[in-house]
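> Submitted below is the structure of interest, expressed as structure tokens.
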Amino acid sequence: MDVKAAPNGVATIEDRILRITGYYGYYPGYSSQKSTTRSSVTRCKPGPNCPSSHSSISRQLSPLSVTEDSSAPILELQSRGSSGVCGRRVERQSRSGDDGTQTHPESSSQENGLKARCLSCTSMVLKTIWGLLIILSVSSSWVGTTQIVKITYKNFYCPFFMTWFSTNWNIMFFPVYYSGHLATAQEKQSPIKKFRECSRIFGEDGLTLKLFLKRTAPFSILWTLTNYLYLLALKKLTATDVSALFCCNKAFVFLLSWIVLKDRFMGVRIVAAIMAITGIVMMAYADNFHADSIIGVAFAVGSASTSALYKVLFKMFLGSANFGEAAHFVSTLGFFNLIFISFTPIILYFTKVEHWSSFAALPWGCLCGMAGLWLAFNILVNVGVVLTYPILISIGTVLSVPGNAAVDLLKQEVIFNVVRLAATIIICIGFLLMLLPEEWDEITLRFINSLKEKKSEEHVEDLTDVSVHLRSRSRVNGTVSIPLA
């Protein structure tokens with residue numbers, strides 16, 4: 001077996017050894033060609049500026065292209081290695097890209113969560129602000145209505161005519177609602193279309209003549225009785241007493257709902273109803289059961305009772321209503337009052353039960369002011385349910401009691417003795433107890449348990465802080481503390 005000589009004339013033993021051992025990819029003159037190949041190859045770091053793998057390999061191994069076929073596996077291995085490295089790099093880049101795309105949904109979800117929290121906080125703040133404004137508006141309108149009635153009675157005492165006149169103003173409820181719809185809604189509707197949409201409170205067929213007489217008549221009568229008895233009570237009692245007694249309607253609503261609608265029994269509301277009845281008796285006793293006082297208390301309690309019956313029957317036959325349906329219903333009551341109840345003040349006029357000299361002598365300013373504030377009160381009560389929490393509307397109603405008391409004190413029309421003051425406070429407390437939700441006991445227990453858990457956690461943290469402090473002191477003093485358990 002001949003051995004080729006190297007270019008320098010020295011036989012290479014390396015070629016011999018490689019051939020004997022069967023080195024994969026051996027060819028004659030391998031050692032001599034390897035030195036020239038190393039000198040001709042220029043290596044570069046992989047990157048965008050580095051030439052492609054196949055082109056670099058062909059340039060590096062181009063002198064070997066005319067050699068034996070055993071050089072082909074070397075080319076294949078080197079190309080596979082380079083392609084494997086490039087594949088790994090591409091795979092890493094794709095993985096990093098995938099990781100980047102996976103992090104985007106997490107960050108976007110966090111941003112959405114923050115936006116949702118900000119929106120909820122903003123809506124809560126807006127509801128609270130609207131609630132405070134509605135509370136002030138409701139209480140002010142009710143106090144203003146009551147005080148204007150007292151002023152009107154000085155020169156003009158026709159309570160049923162005043163009731164009929166103010167109820168006719170309910171016709172403007174739906175136009176006010178439709179004006180708000182035009183100002184705020186993005187998709188405007190025609191008045192007839194909106195009227196038909198809101199008339200679904202009477203049923204799927206809308207408002208028919210039969211339903212108009214069947215459903216509107218009893219509610220219109222109860223509405224008129226409520227307002228008429230309230231005005232009669234204001235003639236016998238002060239505005240503070242009447243407004244306090246009218247707050248008993250919440251207790252009557254609960255009792256009627258429990259009996260008629262089979263609502264859930266709640267002990268706290270029974271206590272509130274008992275407090276309301278106690279306040280009524282004490283209010284009558286405040287003037288030593290004087291005749292006018294007893295009659296005035298009876299009128300005020302009757303007004304609260306008819307108001308409670310109106311609300312219970314509304315819930316029974318018509319269910320819940322949105323703002324548009326409530327506006328439609330109240331306007332319908334105004335139309336019914338104008339058409340069918342107008343004969344009553346005419347009869348009272350000719351029988352001289354409620355008589356006035358001429359229409360020019362009527363106190364139109366006070367009458368319009370009373371009717372306008374009464375309409376504003378009804379609108380605010382229904383708008384407040386949409387804009388804020390319903391409980392704030394009830395708080396605005398009960399705040400009319402101290403409002404009327406302040407006005408009566410300024411006008412020096414009332415002298416508060418201990419019994420009257422205690423009766424007013426008891427009725428107001430009973431009214432506030434009626435505002436408690438049905439799950440108030442569970443909510444209270446959860447709140448107490450959460451407070452207990454917080455106190456126990458704080459106690460454990462204090463104990464751990466004290467133990468750590470004692471251990472550090474013992475280590476400083478050179479002693480070791482041994483735990484007992």
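The values are calculated or read from the model by the stated rules, or taken from the named source; none is laboratory data. Fair warning: this is a prediction, and the values are worked out from it, not measured in the lab. A quick note on method: Cβ atoms are made from the backbone with ideal geometry, for glycine too, and the neighbour counts reach across all protein chains shown. Areas reflect the complete protein model, heavy atoms only, side chains present, ligands, DNA and RNA absent. Shrake-Rupley method; radii C 1.70, N 1.55, O 1.52, S 1.80 Å.
> Determine the dipole magnitude for segment 131-438: charges of +1 sit on the beta-carbon of Lys and Arg, -1 on that of Asp and Glu, nothing else is charged, the reference point is the Cα centre, and the result goes in debye to the nearest 20.
On the way: 21 positive and 13 negative charges, 81 e Å.
About 380 debye.
> Using a 1.4 Å probe on the protein heavy atoms, what percent of the accessible area of segment 131-438 belongs to carbon and sulfur? Walk me through the intermediate numbers first.
Details: 10050 of 14410 Å².
Carbon with sulfur: 70 percent of the solvent-accessible area.
> Not counting ligands, DNA or RNA, and with a 1.4 Å probe, what is Glu187's accessible surface area in Å² rounded to the nearest 10?
150
> If packing is taken as the average number of other Cβ atoms within 10 Å across a peptide's residues, how do 235-246, 190-201, 396-407 rank, most packed first?
Listed from highest to lowest mean packing, they are 235-246, 396-407, 190-201.
> Given axes a ≥ b ≥ c from the Cα gyration tensor, I'd like to know whether segment 131-438 is rounded (a/c under 1.5), prolate (a/b larger than b/c) or oblate. Write down the numbers at each step before the final one.
Working: a/c = 1.63, a/b = 1.21, b/c = 1.35.
It comes out oblate by the Cα gyration axes.
> What nm distance separates the two modelled labels at Lys154 and Ser357, each placed 7 Å from Cα along Cα→Cβ?
1.8
> Report, in whole Å, the centroid distance computed from the Cα atoms of segment 351-399 and segment 206-239.
14
> Turning to a different aspect of this structure: Report the relative contact order of segment 131-438, percent, no decimals, based on alpha-carbon pairs under 8 angstrom and at least 6 residues apart. Kindly include the intermediate steps, with their values, before the conclusion.
Numbers: 376 pairs, mean separation 129.3, N = 308.
Computed value for segment 131-438: 42 percent relative contact order.
> May I ask for the net charge around Ile201, where only other residues with Cβ less than 14 Å from the Cβ of Ile201 are counted and Lys, Arg are +1 while Asp, Glu are -1? Mind dumping the intermediate values first?
Values: positive: Lys194, Arg196, Arg200, Lys214, Arg215, Lys315; negative: Glu197, Glu204, Asp205, Glu325.
The answer is +2.
> In segment 299-397, what chymotrypsin sites (Phe, Trp or Tyr not before Pro) fall in a loop by DSSP, with at most 16 other Cβ atoms inside 10 Å?
Numbers: sites: Phe299, Tyr310, Phe314, Phe317, Phe323, Phe329, Phe335, Phe336, Phe340, Phe343, Tyr349, Phe350, Trp356, Phe359, Trp364, Trp374, Phe377; in loops: Trp356.
Here the sparse-neighbourhood loop sites are Trp356.
> Using 0.36 nm per residue, how much length does the chain from Leu409 to Ile129 gain when fully extended, once their Cα-Cα distance is taken away?
Values: separation 280, 0.36 × 280 = 100.80 nm, distance 2.97 nm.
Extending this stretch completely gives an extra 97.8 nm.
> What shape does segment 363-422 have by the C-alpha gyration tensor, where a ≥ b ≥ c are the square roots of the eigenvalues, rounded means a/c under 1.5, and otherwise prolate means a/b greater than b/c and oblate the rest?
oblate
> With each label point set 7 Å from Cα along the Cα-Cβ vector, what nm distance links Ala185 and Phe335?
Spacing of the two 7 Å Cα→Cβ label points: 1.7 nm.
> Using Stokes-Einstein with the Kirkwood hydrodynamic radius over Cα pairs, what translational diffusion coefficient do you get for segment 253-411 at 4 °C and a viscosity of 1.567 mPa s, in µm²/s rounded to a whole number?
67
> Let me ask something else about it. Pairs to check: Lys210/Lys236; Lys236/Lys311; Lys250/Lys411. Give those whose C-alpha atoms are more than 32 Å from each other in this structure.
Long pairs (Cα-Cα over 32 Å): Lys210/Lys236.
> How much net charge surrounds Lys236 when only the other residues with a Cβ under 12 Å from the Cβ of Lys236 are counted, with Lys and Arg +1 and Asp and Glu -1? Could the numbers behind the result be given before it?
Working: positive: Lys150, Lys235; negative: Asp241, Asp287, Asp292.
Here the charged neighbours net out to -1.
> By how many nm would the segment from Cys368 to Ile391 lengthen if fully extended, with 0.36 nm per residue of separation less the alpha-carbon distance?
Working: separation 23, 0.36 × 23 = 8.28 nm, distance 2.95 nm.
Taking 0.36 nm per residue and subtracting the Cα distance, the gain is 5.3 nm.
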